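Okay, so here's the structure we're looking at.
Every number here is computed from the coordinates shown, using simple stated rules; none is lab data. Bear in mind the structure is a predicted one, so any value in this text is a computation, not a measurement. With ideal geometry, Cβ positions are generated from the backbone for all residues, glycine too; neighbour counts draw on all protein chains shown.
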Amino acid sequence: MARHPQRPQSERLVIGIAGRIGAGKTSAAKYLSTKHGFQYLRYSQVLAEWKGTNPESKAQLQSVGWEVMAGGMQKELNRRLIAQVNSRGEAAIEGLRHIIDQESLSEAFFSSFHLVYIESGAEQRWNHLNGKGRYSSRDIFDAADSHPVEQQIESLRTKAGLVLKNEDSLEALYNSIDEGISSFRKEGFK
């Protein structure tokens, strides 16, 4: 991976990425990491480390995530995630699920923080994931997508500085991300 220069604190970007299961959050965050040198963090990884859960088990993560969310521990999850963000580098944070996530990141990173919401229809999202091993049937995907921990995600759409429709190729998604990053950078220099 190419070295990317450290940006001054006032010019760096911290991008939060939200969207329904299969919308393209992981693809977007990994792209920001490999193409633009962003640190890549996932809420699910922080949750798994904190609660001793298998980070590859979506069902376990959803169950534990719901316990955290319903138990009033979402701010603690955010505190743990924020503590892992490099102090001067840029970061892509995947998997915001609650308004508290957006508020916590906004408070921590001020104008450096930008929320990106990726949307895609249920059929398209199933097609993104079909054959990748996580969901063996459409019924299992639909059950995961309707889990209580997933139900507040769409409220983040109205808080997003950028809403991307992921209904085409990965290349089209990446181009949209590049345009968004360029726009965020221009905003920072006004």
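Could you name the lysines in cross-link range of LYS35, using Cα to Cα under 30 Å and dropping any fewer than eight places away on the same chain?
The reachable lysines, counting only those whose Cα sits under 30 Å from LYS35, are LYS25, LYS58, LYS132, LYS159, LYS165, LYS186, LYS190.
Would you work out if the range 52-129 is rounded, prolate or oblate? Take a ≥ b ≥ c from the square roots of the eigenvalues of the alpha-carbon gyration tensor; rounded if a/c is under 1.5, else prolate when a/b is larger than b/c, oblate otherwise.
Oblate, because a/c is 1.5 or more while a/b does not exceed b/c.
Quick one: net charge of TRP50's neighbours, Cβ under 14 Å, K/R +1, D/E -1?
Result for the neighbourhood of TRP50: +2.
Sticking with the crude label model, points 7 Å out along Cα→Cβ, report the distance from ALA83 to LYS35 in nm, one decimal please.
3.3
Skipping prolines and chain starts, which residues have an amide H placed within reach, meaning under 5 Å, of the one on ARG42, given they are 5 or more residues away or on another chain?
Answer set, sorted by chain and number: GLU94.
Need the list of aspartates and glutamates near LYS75 for cross-linking: C-alpha distance under 20 angstrom, and skip anything on the same chain fewer than eight residues off.
GLU49, GLU67, GLU94, ASP101, GLU103, GLU107, GLU150, GLU154
Pull out a ≥ b ≥ c, the square roots of the eigenvalues of the alpha-carbon gyration tensor of the range 103-176, then state rounded if a/c is under 1.5, prolate if not and a/b is larger than b/c, and oblate in the remaining case.
oblate
So what is the orientation-averaged projected area of the range 44-190, using the convex hull of its C-alpha atoms, in nm²?
Approximately 9.4 nm², given one-decimal rounding.
Suppose each label sits 7 Å from its Cα in the direction of the beta carbon; what would the LYS165-ASP139 distance come out to in nanometres?
Reported label-point gap for LYS165 and ASP139 is 3.3 nm.
For THR158, project a label point 7 Å along Cα to C-beta. Then give me every residue of the range 13-28 with its amide nitrogen under 14 Å of that point.
none
What does the charge dipole of the range 64-190 about its Cα centre add up to, to the nearest 20 debye, if the Cβ of each Lys and Arg holds +1 and the Cβ of each Asp and Glu holds -1?
Dipole magnitude for the range 64-190 comes out near 420 debye.
Restricting to DSSP H runs of at least four residues, report the calculated mean residue ellipticity at 222 nm for the chain, -39500 (n - 2.57) per run over all residues, nearest 500 deg cm²/dmol.
-14500 deg cm²/dmol
For ASN175, what charge total do you get from the other residues with a beta carbon under 14 Å from its beta carbon, if Lys and Arg give +1 and Asp and Glu give -1?
-3
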